[in-house]
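Asker: Before I ask anything, let me first share the structure, which is written out below as structure tokens.
Each value in this text was obtained by applying a stated rule to the coordinates, not by laboratory testing. In this text, all values refer to a predicted model and were calculated from it rather than measured experimentally. Positions of Cβ are backbone-derived with ideal geometry, glycine not excepted, and every protein chain shown enters the neighbour counts.
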Amino acid sequence: MDVTKPTPIMCITGQSDTHLTDIQNHRLHSAIISDFLALQSAAQKAGFELTIASSFRDFNRQSIIWNNKFLGIRPVYNKQQKVVDLTKLNDVDKCIAIMIYSALPGASRHHLGTDLDVFDKAAVSDDYKLQLTPDEYLQGGPFAPLSNWLDTNLDKFGFYRPYQHDLGGVAPELWHISHIKQSQLLVNKLSEQVLYECIKNSELQGKQAILDNLPAIYTRFVTNVSPP
């Protein structure tokens, strides 16, 4: 494949960054910049310093996160925020445990450039260690006011939360927002077969378990998101 001419498939699987624009030390899809800035400006007027914590992440970076978790180098948490003992799990169950909070490389919405994690920088001190955990965004947490504001304002600027609710796959992530129109245009190009080929040609830990169980994984963790 001629890497100088990235295909749409390369963009949605994290193997190209030609669709991105630099913004505030991050990278977002070029088509969503104006909508994001409008959202950020409205948040500022409401008293929030809406700040990007994480945006585009390519396949290689997502693979490092995945492999480190699979190998026990980085902790894996369940929905109760308890560390999972992966040594007691087979490869399939290890993968499922990881996907509660970390996307399968090739299927991460962070590959798209349309999805980002946000927080209210004004609500915490400069030395605050951001965790991106539910407690920070629920009642009593430092980002609960921003989260409540996003509940009623995201759609006005073309955004929504794909992991708003627990649907039995990825755990709720109130910090994760997505541009509705642009993300759907890209997600619609992804398929189980595209993902299969992407993973088959990778060096992911647990690769065979993933490929053998991809139909169930794809249904539970890739397409199973909250609607706009």
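Asker: In whole angstrom, how far apart do the alpha carbon centroids of the range 1-79 and the range 104-125 sit?
Answerer: For the range 1-79 versus the range 104-125, the Cα centre distance is 6 Å.
Asker: Rounded to the nearest 20 debye, what is the charge dipole size of the chain about its Cα centre when +1 sits on each Lys and Arg Cβ and -1 on each Asp and Glu Cβ?
Answerer: In total the dipole reaches around 240 debye.
Asker: At 222 nm, what value in deg cm²/dmol follows for the chain if DSSP H runs of at least 4 each add -39500 (n - 2.57) and the sum is divided by all its residues, to the nearest 500?
Answerer: When only DSSP H runs of four or more count, the value is -9500 deg cm²/dmol.
Asker: Just how far, in whole angstrom, is the range 185-228 from the range 136-157 if you go by their alpha carbon centroids?
Answerer: Distance between centres, Cα-based: 30 Å.
Asker: While we're here: Please compute the modelled spin-label separation between Leu89 and Lys45, points set 7 Å along Cα→Cβ, answer in nm with one decimal.
Answerer: Reported label-point gap for Lys45 and Leu89 is 4.5 nm.
Asker: Dipole of the range 1-108, Cα-centred, from +1 at each Lys and Arg C-beta and -1 at each Asp and Glu C-beta, to the nearest 20 debye?
Answerer: 340
Asker: Relative contact order (percent) for the chain, with alpha-carbon contacts under 8 angstrom and 6 or more residues of separation?
Answerer: Averaging sequence separation for qualifying contacts and normalising by length gives 24 percent for the chain.
Asker: Moving on. My understanding is that a pair violates if its Cα-Cα distance is over 30 Å; which of Lys121/Lys189; Lys121/Lys181; Lys79/Lys121; Lys82/Lys129; Lys82/Lys207 do that in this structure?
Answerer: Pairs exceeding the cut-off: Lys121/Lys189.
Asker: With the dipole of the range 8-222 worked out from charges on the C-beta (+1 for Lys and Arg, -1 for Asp and Glu) around the Cα centre, which of Ala122, Ala42, Ser63 lies farthest toward the positive end?
Answerer: Ser63
Asker: Starting from the exponent 0.38 and prefactor 2.2 Å, build the expected Rg for the range 129-228 from its residue count and divide its actual Cα Rg by it.
Answerer: In units of the 2.2 N^0.38 Å rule of thumb, it is 1.28.
Asker: With the Cα gyration tensor of the range 8-222 in hand, give its eigenvalues times 5 under a square root as the equivalent ellipsoid semi-axes, listed largest first in whole angstrom.
Answerer: For the range 8-222, the semi-axes come out at 29, 21, 14 Å.
Asker: Which one of Pro75, Pro172, Pro134 has the biggest mean-square fluctuation once the chain is modelled by GNM with Cα springs under 10 Å?
Answerer: Evaluated over the chain, the most mobile residue of the options is Pro75.
Asker: Can you tell me the length gained on complete extension of the stretch Gln24 to Asn153, counting 0.36 nm per residue apart and subtracting the Cα distance?
Answerer: 44.3 nm
Asker: Which one of Ser108, Leu190, Pro75 has its Cα pushed farthest toward the positive end of the charge dipole of the chain, where Lys and Arg give +1 and Asp and Glu give -1 at the Cβ?
Answerer: Leu190
Asker: Another question, if that's okay. Within 10 Å of each residue's Cβ, count the other Cβ atoms and sort Met99, Met10 from fewest upward.
Answerer: Met10, Met99
Asker: Under a plain spin-label model, where a point goes 7 Å from the Cα along Cα-to-Cβ, how far apart in nm are Ser125 and Ser54?
Answerer: Each label point lies 7 Å from its Cα, and together they span 2.5 nm.
Asker: For Thr219 and Lys82, what does the FRET efficiency come to when R0 = 25 Å and r is the distance between their Cβ atoms, rounded to the nearest 0.05?
Answerer: 0.45
Asker: If a/c stays under 1.5 just call it rounded; otherwise compare a/b with b/c (prolate if a/b is bigger, oblate if not). Do that for the range 147-200, with a ≥ b ≥ c from the square roots of the Cα gyration tensor eigenvalues.
Answerer: oblate
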